[in-house]
Amino acid sequence: MNSIEIRGLKYSYGKDDNILKGIDMSVPKGSIFGLLGKNGAGKTTTLRLVLGLIKKQKGDIQILGKSIDKSRIEILQNVGSLIEAPSFYAHLSAIENLKILQLVYGCADSRIGEVLNLVGLANTGKKKVGQFSLGMKQRLSIAIALLHNPELLILDEPTNGLDPNGIVEMRELLKKLNEENGVTIVISSHLLAEIEKIITHLAIIDHGEVVFQGKYSELKNLKQKNATVIIETEDAGRTSEIIKGLGFSEVKEVAGAIQLEGADKKEVAAINKQLVSSGIDVYQLKFLEDDLESIFINLTKNN
Amino acid sequence: MKFINSLRSEILKIKGSSLLWLSIFGTLLIPIALTIRNIAIGNHLNLEAARHGGWMQEYVRVAEPFVAFILPVGAILICSLIAQVEYRNNNWKQVHTTPQSYTRIFCAKYTVLFLLTGLVFLLLLLGVFILGALPTLILDGSFPHEGFPIEALSKELLKSFIAMLPIIGIQYLVSLRYANFLVSIGVGLALFVGTILVVQYKYSFVSPFSYPFFYINGNMPDLDHRMYKYAFAYFLLLTIVNFILYISKRQKG
């Protein structure tokens, strides 16, 4: 079952400003789903539409098995969110901010202390939120999103403003919520490196279209297929000819070495065998880019 | 119960904000100033005067400048601040992702506005009492406990409250519609000043800010007794328009 099901979602802010061009997206229940894309790709618009913050123009959105058009209140009772910058009442304390929402959600009073403990803000006392650091405000926003024990958590760039320690803590917190409480988490980011350590599934969105969607492991396989390999031999010229002879077209000579694109591990092993059997000494075979950034760039570039 | 909880959360939002202090200070300013003046010049409400309409005279002295000037400006500020509580830190998106209907959100905020207005009128009643009682207590050593016309004063306060409704209606509409604080303040002040200039004109009832002046003058050009019906109908119309604009807003945060 999917926690979020989006079909044919289109949205434009003006006549010539089609921000979403027909998004199809499924967020599996119990997953940590990364929504990736450059700034302006359409991530925040998608999430705002999912939460009903902007009026849908075309397409269908189902959340927790219900339509956002018909069951908005019922859905929001089970969804926690943080969209863009943190929202809070600066003239009130963290406890008072949470109390405002506790009244609306109708959850137990004790949840206020629990979520403050969870995000490390239990000792802020009567300090006004306006005096909090950006990181503290971000953590308070997470506490607000978690207050009513939501089934689904939607976080738009939640690590903005956090220091490296804060980012690590946030990751651990989200992992824990997902593993221990089964919370489905949708987390958007424009930085792949920030979320690749926790996501199980992902969608890459570019210019209002989904250019990849699936399990994180599938993207990793795709990454291997698209990886760049550096091959250093005693004779770059002959090496290039042999590799091209094997059917690879993306072969370049760079600083006396060969740069090959689009070969997976098995194909590289076959190239190595061929070079050795042709009497060429192979000094080095190396895969470049061990993160997802290159595949991300390739996918969005092709689009 | 759900509405009560929404209302409690809205009340909590204004806790410690300038709204409450603005209401208290703005309302008690004139009664306290007049009380100090009365003590200084030895003017006080003796028992005889208290029995024979003296309290109402004290009310008129407070109500005229208060209803004509302080209340409209106060309404402009209070309506703007109620909306700014959400606009200031982009809180509308938080409010609109809570499990509340738009009607509930709209009505809870409106109710807070009326609770504050109710507080203002209660404080005004207290102010009139202080103005009558305190100088007498200090200067005479007695308390003009007789003749405090609570019923007549309540009736007057209700009339001035109805006269205020169109201002609340228009200002709440503008404040919800525009995120910029200066727009709602600017529109309010422009209408207020404009109304002062045309209040004697036959069609001045078109301005929501004209009704407090009609209340002070005791009538409305050519319409007289229908003034309160007009004020209430105007308020209802503005509220309905405001509600439709609010629920049909394309972007809710």
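Worth pointing out:
- Count of the range B:92-138 residues which are in contact with a Gly (Cβ under 8 Å, 6 or more places away or on another chain) and within 14 Å of chain A (Cβ to nearest Cβ): 6
- Within the range A:95-107, the set of residues being at pLDDT 95 or above and more than 8 Å from chain B (Cβ to nearest Cβ) comprises A:95, A:97, A:98, A:102.
- Some residue of the range A:112-130 being in the same structural domain as residue A:190 (by TED's automatic domain parsing) and closer than 21 Å to residue A:197 by Cα: yes
- Members of the range A:58-94 that are part of a helix (DSSP H, G or I) and more than 9 Å from chain B (Cβ to nearest Cβ): A:94
- Restricting the range A:1-38 to residues that are modelled with pLDDT under 90 and of a type in the set (Lys, Arg), the residue that is surrounded by the most Cβ atoms within 10 Å (Cβ to Cβ): A:38
- Only one of the listed residues (B:246, B:172) is within 14 Å of chain A (Cβ to nearest Cβ) and either assigned to a helix (DSSP H, G or I) or surrounded by 15 or more Cβ atoms within 10 Å (Cβ to Cβ) (or both). That residue is B:246.
- For the range A:58-83, the set of residues classified as over 21 Å from the mean Cα position of the chain (by Cα) and either closer than 18 Å to residue B:102 by Cβ or without any contact (Cβ under 8 Å) to a residue 12 or more places away in the chain (or both) consists of A:66, A:67, A:68, A:69, A:70, A:71, A:72, A:73, A:74, A:75, A:76, A:77, listed by residue number.
- Whichever residue in the range A:124-143 is outside any helix (DSSP H, G or I) and within 12 Å of chain B (Cβ to nearest Cβ) and, among such residues, is surrounded by the fewest Cβ atoms within 10 Å (Cβ to Cβ): A:126
- Subset of the range A:237-274 [farther than 15 Å from residue A:284 by Cα, in a strand (DSSP E or B) and either touching a residue at least 40 places away in the same chain (Cβ under 8 Å) or not charged (D, E, K, R) (or both)]: A:251
- Some residue of the range A:144-156 being at pLDDT below 90, touching a Leu at 6+ places or on another chain (Cβ under 9 Å) and surrounded by 20 or more Cβ atoms within 10 Å (Cβ to Cβ): no
- Residue among B:48, B:64 that is at pLDDT below 80 and assigned to a helix (DSSP H, G or I): B:48
- In summary, residue B:62 fulfils each of the numbered conditions (1) away from every other protein chain (no Cβ under 11 Å); (2) touching a strand residue (DSSP E or B) at 6+ places or on another chain (Cβ under 9 Å) with the single exception of condition (2).
- Selection status of residue A:82, at pLDDT below 95, surrounded by 20 or more Cβ atoms within 10 Å (Cβ to Cβ) and not hydroxyl-bearing (Ser, Thr, Tyr): yes
- Some residue of the range A:112-123 being within 13 Å of another protein chain (Cβ to nearest Cβ) and modelled with pLDDT of 95 or more: yes
The values are calculated or read from the model by the stated rules, or taken from the named source; none is laboratory data. For clarity, every value in this text was computed on a predicted model and none was experimentally measured. Positions of Cβ are backbone-derived with ideal geometry, glycine not excepted, and every protein chain shown enters the neighbour counts.
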